[in-house]
Amino acid sequence: MKKSSFVAMILGTVSGVLFALGMCMALLPEWNSFKEGIVFGAVGLVLGLVTLLVWRKMENKAPIKLSAKNVLLTVFGVAGALVLGVGMCFCMVWENFVVGTIIGLVGIVMLLSLIPIIKGIK
């Protein structure tokens, strides 16, 4: 394993855990720690961005260029994740399994369609 991959793995794991813990703290009223959860989530997001920058620097890659295509693909990916999450909410929170499964499958298809959109079909 390359050093850059190992560093990215460690930093990515720490940032993911901080973000997940922060979201749990903010969204679970039983924990009574909304403000602290927002701080943990923000630190996790910032550490995730730092991880991306550090990994790209260690791999000697050019900085990410913002283009309309990159922004639209990011928005599409976020929308797919949200649709999948809404489907899970329908199933687990509102106990509407048929509608939740259909919505969740639409979200999964949206996320899977990112692969051929980004990489292309050869």
Too-long pairs where the Cα-Cα distance tops 31 Å, listed order kept, from Lys3/Lys119; Lys35/Lys65; Lys2/Lys35; Lys69/Lys122; Lys2/Lys119; Lys57/Lys119 = Lys35/Lys65; Lys2/Lys35
Just grab the label-to-label distance for Val14 and Met1, each label 7 Å out from Cα along the Cβ direction, in nm (one decimal).
-> 1.5 nm
What FRET efficiency, computed as 1/(1 + (r/R0)^6) with R0 = 25 Å and r the Cβ-Cβ distance, is obtained for Asn32 and Lys57, rounded to the nearest 0.05?
-> 0.05
For the chain, what relative contact order do you get, as a whole percent, if you take Cα pairs closer than 8 Å and at least 6 residues apart?
-> 18 percent
Arrange Val98, Val109 by Cβ neighbour counts within 10 Å, fewest through most, would you?
-> Val98, Val109
Taking the alpha-carbon centroid of each part, what is the distance from the stretch 1-56 to the stretch 73-122 in angstrom?
-> 23 Å
Mean projection of the alpha-carbon convex hull of the chain over all orientations, in nm²?
-> 10.3 nm²
Do the sum for the chain: with -39,500 (n - 2.57) for every DSSP H run of n ≥ 4, divided by all residues, what is the mean residue ellipticity at 222 nm, to the nearest 500 deg cm²/dmol?
-> -28500 deg cm²/dmol
Label-point separation (nm) for Val106 and Leu45, each offset 7 Å from Cα along Cα-to-Cβ?
-> 2.6 nm
Using only alpha carbon pairs under 8 Å that are at least six residues apart, calculate the relative contact order of the stretch 72-122 and give it in whole percent.
-> 39 percent
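Taken together, the values in this text are just the output of simple stated rules run on the coordinates, not laboratory data. None of these values were measured; they are calculated from a predicted model. Glycine also receives a Cβ, built like all others from the backbone with ideal geometry; neighbour counts cover every protein chain displayed.
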